[in-house]
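The values are calculated or read from the model by the stated rules, or taken from the named source; none is laboratory data. None of the values given here were measured: they were computed from a predicted structure. Ideal geometry is used to build each Cβ from the backbone, glycine not excepted, and the neighbour counts take in all protein chains shown.
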Amino acid sequence: MGKVDVSTNTGLKLGFAITNINKKPVKFLKWATPFEGAFSNMFIVRNADGIRQRYVGADARRKPLHDVNEEDFIELKPGQSERIMVDITDQYEFDGDGAYYIRVGNPEDGHIRYTDMMETRVRVEITGTEKQKAFDGKWRHNYCRKRRSGYLSFKPRLG
């Protein structure tokens, strides 16, 4: 991917695509996926030494399952794909400048399971982590996030 400067707490954008590889339509909750927004720990982020980086982003409290409606779901026809971009810069605390490996993680509640997950792993060089830490304290609760360069592509499939 190249280098991504995270000093302004933006810039690490992930492209997320999901495809229905079944012969029947699939309907799933958006919860804990990028289609819901950045409201949970959806990715596995590790430094070059394999140490998992701490998730510091939002942790959504969701309505009870009996209150869900059609807007909470995505339905994919056979072979259909959906794509979205999400900036995760302010969602993780990076140890320092250097190489990081990022991949999608299955939602903890198990309502959806991705396949070929290790194929989604990407490597990115991150710079500006010291400035991000200083910036982060002032910015964390501000939801008006700017979007900048950097793009990683994840392609998990429903199985």
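Just a few scattered comments:
- Within the stretch 87-103, residues that are free of Cβ contacts under 8 Å to residues at least 40 places away in the same chain and farther than 14 Å from S40 by Cα have Cβ atoms under 8 Å from residues that are assigned to a helix (DSSP H, G or I) and of a type in the set (A, V, I, L, M) in no pair, counting only partners at least 6 apart in sequence or on another chain.
- Positions within the stretch 79-96 being farther than 21 Å from T8 by Cβ and either part of a loop (DSSP other than H, G, I, E, B) or not hydrophobic (A, V, I, L, M, F, W, C) (or both), in sequence order: G79, Q80, S81, E82, R83
- Restricting T10, T115 to those that are closer than 30 Å to A134 by Cβ and hydroxyl-bearing (S, T, Y) reduces the list to T10.
- Neighbours by Cβ (under 6 Å, 6+ apart or cross-chain): first from the stretch 119-133, free of Cβ contacts under 8 Å to residues at least 24 places away in the same chain and farther than 15 Å from E93 by Cβ; second surrounded by 17 or more Cβ atoms within 10 Å (Cβ to Cβ) and among the charged types (D, E, K, R): R121/R103
- Residue count for the stretch 55-77, restricted to those that are exposed (fewer than 12 other Cβ atoms within 10 Å of the Cβ) and at pLDDT 85 or above: 5
- Among the conditions (1) small (G, A, S); (2) assigned to a loop (DSSP other than H, G, I, E, B); (3) at pLDDT 85 or above, A99 misses just one, which is (2).
- Residue match in the stretch 7-14 (condition: within 18 Å of M117 (Cα to Cα) and surrounded by fewer than 18 Cβ atoms within 10 Å (Cβ to Cβ)): no
- Qualifying residue in the stretch 82-99 (condition: loosely packed, with under 12 Cβ neighbours inside 10 Å and either among the basic types (K, R) or under 30 Å from K24 (Cα atoms) (or both)): no
- Residues that are crowded, with 19+ Cβ neighbours inside 10 Å and over 15 Å from the mean Cα position of the chain (by Cα) are absent from the stretch 36-43 altogether.
- Flag for I51 being in contact with a Gly (Cβ under 7 Å, 6 or more places away or on another chain) and over 15 Å from M85 (Cβ atoms): no
- Of the residues screened, G150 is one that is part of a loop (DSSP other than H, G, I, E, B), modelled with pLDDT under 75 and surrounded by 17 or more Cβ atoms within 10 Å (Cβ to Cβ).
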